[in-house]
Every structure is written in C-alpha cells, then in structure tokens.
Amino acid sequence: MALKQLKIGFKGNKTLAVSILSLILFVTTVSFTQDYFEVSKNLEIFNSIFKELNSSYVDGIKPGQTIKTGIDAMLNSLDPYTVYYAENDIEEYRYLTTGEYGGIGTEVYDIDNKIIVKEPLEGFAAFKAGLRAGDQIVGVNDVNVEGKQSDEIRSLLRGQGGTSVKLKIIKAGETTKTEITFNREDIKPKVVPFSGMVPNTNVGYIKFVGFTTESCSNDVKKAFLTLKEQGAKSLVLDLRGNLGGFMREAINLVNFFIEKGHEVVFTKGKTEDWNKSYLSVNPPIDTQIPLVVLVDEMSASASEIVCGALQDLDRAVVVGKRTFGKGLVQETRNLAYNAKIKLTVAKYYIPSGRCVQALDYSHKDEDGRVEKVPDSLINAFKTKGGRIVYDGAGIMPDVTTGNLTYTPLMIALNNQFAIFNYATKYFLKNKTIKPASEFQLSDDEYNDFLAYLNSINFDYKSKSELELEEVRRDANRENYYTNVKSEFENLVAKIKLSKKDDLQKQKTDIKRALEEEIVSRYYFQTGRIEYTLKNDLDLRKAVELLNDSDKYKQILTTILKPTKPFSINKKFE
C-alpha cells in the first residue's frame, strides 16, 4: 500500500520515483542483510561455545539438558507463553494445551512425607479402580515411592491410554498395603462440571472451566439447551478460574448469544497471516435471554474474549473482579526430533477495538520484571451502544464484587492439610451425609474438629505475630531489644492467648471450608461445586440483577463519561 501511494504521488516525475524506490529497496536489503548476519554470527558463537563445553568441560555435560537450559533461558527473555517442549515433554505439552493427558486421573498431595491421593476425577481410571481422597500411594509398577515427592512420581503415573499400571496403596484409615492393577486412560476432564437451575428461581447456571478441547463450546450449548427446556428465563455463565484455550471455541460460544456476521475478535501479528478478523458465522441459540457472565482474576485469554466481546456488544452484564489481562495469541510449531515450540504470534482485539493485555513483555527491566500498563497509556473505547470501556488491564466488570480475603488462620489450615485430613477422618466415620446443597456441620462436629486440631498440635502465625517478629529483628539490629524485652514478650504472650479465640471468630468461614471438603468425599467434583453455590456472593449478585430487569437494562444502556481524561479511540469518532 505504501509503495502504491508513493507511485501515485510522484506520477509526474518517473526518475525521482525510481530513485526513491531504489533507495527503499536498498535500505530494506541492508536491514535484512544485517539481521541475517547478526543471527548467523550468534548461532556460530553459540555452536562454538557448546563444542568447547562438550569437549573440554572438566566434569562433562549432558548435551540435551544443557541445550534445553539454553533454549529455556532464551525464551524466558520473551513472555511466559512462549515455551519449548522436548520430545519427552510432549505429554506435559498435551495437558497444558488441551487439558488432556494419558494417566490415571488423579492429582496427589505431599503430606507428612507421604504421597496422598488428592481427589480422583469422577468416572476415570483411578476412580473406577477404587482410589479415593486420602489414600496413600507407596509403590508404582514395583518402584517403591515411599519418601519421594509427588513431582518425582508424576512420570510414573502418566502414560499412554490403555497401558497397564500397578499401584501399591494404603487405604485411608488402614495400615496394610494392597496392590491394584488397572489401565491408564486418556484423561479428558469435563469442561462443564456442573449446570443447573438456581434453586427457587428461573435462572440457569453453567460452570465452564476451560476452552481446552476442540468443540468444548458444544458442552456449553448442550447445557444451555437443557436449561431452556427446564424453564430458564435468564442465564449465568460462570467463567471464574477459566484460564482460556482455543480462540475458535470462544468465538463459537459468543455466537450462541449474537446474530451471524458480527466481528467477535480480530488479531494483529508480525506477519500478514495473523492480521485476521473473526466473525460469528453460525445461527445463534438465543439473542434475547438476559445474560450475566461471572469473572475473576483467573479468567484469562479465551475467557476474556467471551466476556469482553459480550460486554462490547452490550449483550451481557459482566459481574465479578477484573480479569487477568492476557491479550496474546499462541501457535504451536513442530520442530525436528518430535519437539515443539509454542510461541506468541499475535495480539487479539475485541469488538470495541481494545486489547486487554495487561503486561508489556517487550519492556522488561534489568531484573526481568514486567510492569502493568501504566494508567497514562490506557485508552478509552466505546461499546456498540456507546458505553465507555478501557484497554490494557483485563476486563473491568460492569458490576464489581468484593475480593475474597484469606486470613493467616485459613491459610495455615489449608497449607497444613488440617481441613483435608479431617475430611478424610469424617468420611471414615460417617457412611452417608445429606445432599451436597443441604449438608451442614453441627456445632458438636465443629467442636470435634477443634479437638482434632489440639490432637495434632496445630499452630500458626497471626499477622500480628509475623509483624512483631520483624520488629524484634529490627530492634535487635539497632540494640533496642534488651531494653524492651519484657514488655515485648508480654505482648507476644497476650496475642497468643487472644489467638485462641480465632477459631470461634472465624467459625463461619472455617465451617464452610470443612463442609466443602467433606461434601467432595461423598459427591466428588460435582458435589463440591453444588455446595459452594449456596454461599456464592457473586452468584447471588448475578441472580439479584437478573431478577431486576430495570437494573439489568440500565447497566447495558447507561452512557457515562470516562472516569479519567483518556482519549476515545478514533475507531468510534
């Protein structure tokens, strides 16, 4: 286009036009030659260094490992999404990019120097073989794994679907070792682990956890159609914790709620191949049903395309917390010897024209740190109806909800596996419980949990204690501590005494965490989600909004002035 305009501009002076064109070609050729020389020179240097190391380094080197270290260091200078996978990492690559892997279908914890089953995926190999949360794995295929860490046995548990694996286990609550042999499977976790009607409402709810498999949007479609058959008059689509995946599936999902022919997203890359516009191309399911999308800090990438596009097209109200801010697109390329590289090839832009990328990886500081896009570089854009939205920092919800805070006590109960282990103890003692949505611990059962904490000598550092330790260190360095030692120790003792009340002050939150973990022992992943919904403040806000049609419409139509003096993107002027 630039050359075409140049030719038109100098139509009356062919000699000058030819001269300028020759100059441009010369500069371009010189630039390409310099780049090629720089690449060639540094590859030659790298090759020479490796040869010297391989032939002369005193302790010898592992060639493959050394080269991979060099490759990883090179890619670490870019963004965290550009990754090299050697041939023996392909199973990990498959899991990270598709959510699928060959294995037994359970994660494990490291608890008290033991490898403990976390929560087998319902319906998959480990679950069908009888493994349950709290069981201990002591051997894999005649390899003794007692005393090992979970990351040391991951490769033993994973493998191609259909291959046999033999586990030696100690069931929770028992002491004898037993062996079980079963086949690994291709593990494909559900992307819609739960959907249903919100109790006592006509609001449908869909939990969608990842765009990690091709055609995964069809699972949302099936759930949506089922909810409509059950009488859903409005819908909550929960994308909290959804880290994204295939862009095409995000486009398909948006298409369920908008007419054909709308631009959902467009991409811009270094090469023309990635300058593309993606439209909704299918007939929609429902363009009128009131829709709320729930998001949080871990809603990223494809999730942000969905919530951002629906927000830009004024098709849904977004509720929750500001999203992660990943506006980058990756593509996988095959390399020699069955290796692969996943590299960032473009940025994506949603219908208003904004990119949600929060970090600029091209401008790292000397320590390799990346800062968020500063407010001065954030621009305002307009939705289809003229509402103001912003780029550069994820998707800001239309309705923002409060952040969950975890106290030092709650963090310690989880990190020390007190809640997990008590749930196992409770499960062994009680054969059945009420349905997930109805289950509650009694006060006597909560007191039993407190007695359990005493029996394991549970302790933790409160925020005040941690800050006092820092004060003590500073006082020692400045030679003040001797003079205030008695007062300081009295204060520490009083805080410890007061800390005993925390288990009662935080009883509500602790009980909920306990109840959720206990419910998962009986009703597994589906039950865990169903239980959490009854105390879900974000969902409660969404339902209130959907039940108030005037408020819902007001949010989608109210045009406010920018809160900061940002310039409106020219696309809408």
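The values are calculated or read from the model by the stated rules, or taken from the named source; none is laboratory data. Given the structure is predicted, the values throughout are model-derived calculations rather than measurements. Note that we place each Cβ from the backbone using ideal geometry, even for glycine, and neighbour counts take in every protein chain shown. The accessibility values were calculated without ligands, DNA or RNA, using every heavy atom of the protein model including side chains. Shrake-Rupley method; radii C 1.70, N 1.55, O 1.52, S 1.80 Å.
Please go through segment 518-562 and pick out each residue that is open to solvent by less than 30 Å² (accessible area, probe 1.4 Å) and without any contact (Cβ under 8 Å) to a residue 40 or more places away in the chain. Passing the criteria: only 536. For segment 319-343, a residue qualifies if it is over 16 Å from residue 243 (Cβ atoms), open to solvent by 30 Å² or more (accessible area, probe 1.4 Å) and of a type outside the set (Gly, Ala, Ser), and the qualifying residues are 331, 332, 333, 334, 335, 337, 338, 340, 341, 343. Pairs linking a residue in segment 179-201 that is more than 30 Å from residue 140 (Cα to Cα) and touching a residue at least 40 places away in the same chain (Cβ under 8 Å) to a residue that is part of a loop (DSSP other than H, G, I, E, B) and open to solvent by 80 Å² or more (accessible area, probe 1.4 Å), with Cβ atoms under 8 Å and 6 or more positions apart or on different chains, are 201/547.
For segment 364-409, the set of residues classified as among the β-branched types (Val, Ile, Thr) and assigned to a loop (DSSP other than H, G, I, E, B) consists of 370, 373, 378, 383, 395, 401, 405, 407, listed by residue number.
Taking every residue in segment 373-397 that is more than 16 Å from residue 359 (Cβ to Cβ) and open to solvent by 60 Å² or more (accessible area, probe 1.4 Å) and pairing it with any residue that is at pLDDT below 85 and not polar (S, T, N, Q), at least 6 positions away or on another chain, the pairs with Cβ-Cβ distances below 7 Å are 382/568; 382/572. Candidates 98, 69: the one that is within 20 Å of residue 337 (Cβ to Cβ) and either in contact (Cβ under 8 Å) with a residue 60 or more places away in the chain or of a type in the set (S, T, N, Q) (or both) is 69.
Within segment 37-73, the residues that satisfy the criterion of being open to solvent by less than 90 Å² (accessible area, probe 1.4 Å) and closer than 23 Å to residue 89 by Cα are 50, 61, 63, 64, 66, 67, 68, 69, 70, 71, 72, 73.
Please go through segment 360-372 and pick out each residue that is of a type outside the set (D, E, K, R) and in contact (Cβ under 8 Å) with a residue 40 or more places away in the chain. Result: 361, 368. Comparison of 246, 208 shows that the only residue that is among the aromatic types (Phe, Trp, Tyr), open to solvent by 60 Å² or more (accessible area, probe 1.4 Å), in contact (Cβ under 8 Å) with a residue 24 or more places away in the chain and farther than 30 Å from residue 141 by Cβ is 246. Is it true that some residue in segment 296-318 is open to solvent by 10 Å² or more (accessible area, probe 1.4 Å) and in contact with a strand residue (DSSP E or B) (Cβ under 6 Å, 6 or more places away or on another chain)? Yes, the conditions are met somewhere in segment 296-318. A residue that is open to solvent by less than 40 Å² (accessible area, probe 1.4 Å), touching a residue at least 24 places away in the same chain (Cβ under 8 Å) and not aromatic (Phe, Trp, Tyr) occurs nowhere in segment 270-279.
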